[in-house]
Amino acid sequence: MEKKIDEKKLLSEAKEARKNAYVPFSGFTVGAALLTKDGKIYRGCNIESSVMSPSLCAERVALAKAISEGEKDFLAIAIVGAPKDEEAKDACYPCGVCRQTLSEHVKLSAFTVVTEENGQAVTCTLEELLPRAFVFEK
Ligand code: THU
């Protein structure tokens, strides 16, 4: 049976994570909360760098924290983003780099992306966000 995702809880974890974003350059804060199959949640926020290219998106911070702790099975990620000091009103979907990175650790059709639009949870699968994904054949 498919496990029900508590979208509200996951979004509230992403909102907490967003408070820690380090964004001296863009001023745009993002929070992410990654849910494992056994119910653990790993949070991430975006962390920018003055030399730009090492800047990290919230989603990849959450993923790196989870992978480095040995997690392998993921169900969903919640993402919220907005300019600093503003409440997130618009949906915030993962950037292309994060879509690709996530795709390498999940089954695209079985991984849910949750965001919020005007206070309402909106969901889709990663497959919908990244059709015909690049797959590296080993
Ligand atoms: N950002 C994320 O954290 N996740 C995304 O999926 C899109 C963009 C961050 C990167 C940068 O710090 C800021 O948002 C503006 O692009």
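At-a-glance table
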read-out: Dimensionless Rg/Rh of the chain - Kirkwood Rh, Rg from C-alpha atoms; value: 0.95
read-out: The chain, relative contact order in percent, only Cα pairs under 8 angstrom and at least six apart counted; value: 21 percent
read-out: Share, in percent, of DSSP beta bridges within the chain that are antiparallel, nearest 5; value: 85 percent
read-out: Whichever aspartates and glutamates have a C-alpha closer than 20 Å to that of K4, once near sequence neighbours (fewer than 8 apart) are set aside; value: E13, D38, E71, D73, E116, E127, E128
read-out: Cα-centred dipole magnitude for the chain, charges only on beta-carbon of K, R (+1) and D, E (-1), debye, nearest 20; value: 260 debye
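Read the figures in this text as sums done on the coordinates, not as results from a lab. All values reported here derive from a predicted model rather than from experimental measurement. FYI the Cβ positions are ideal-geometry reconstructions off the backbone, even for glycines, and counts take in every protein chain you see.
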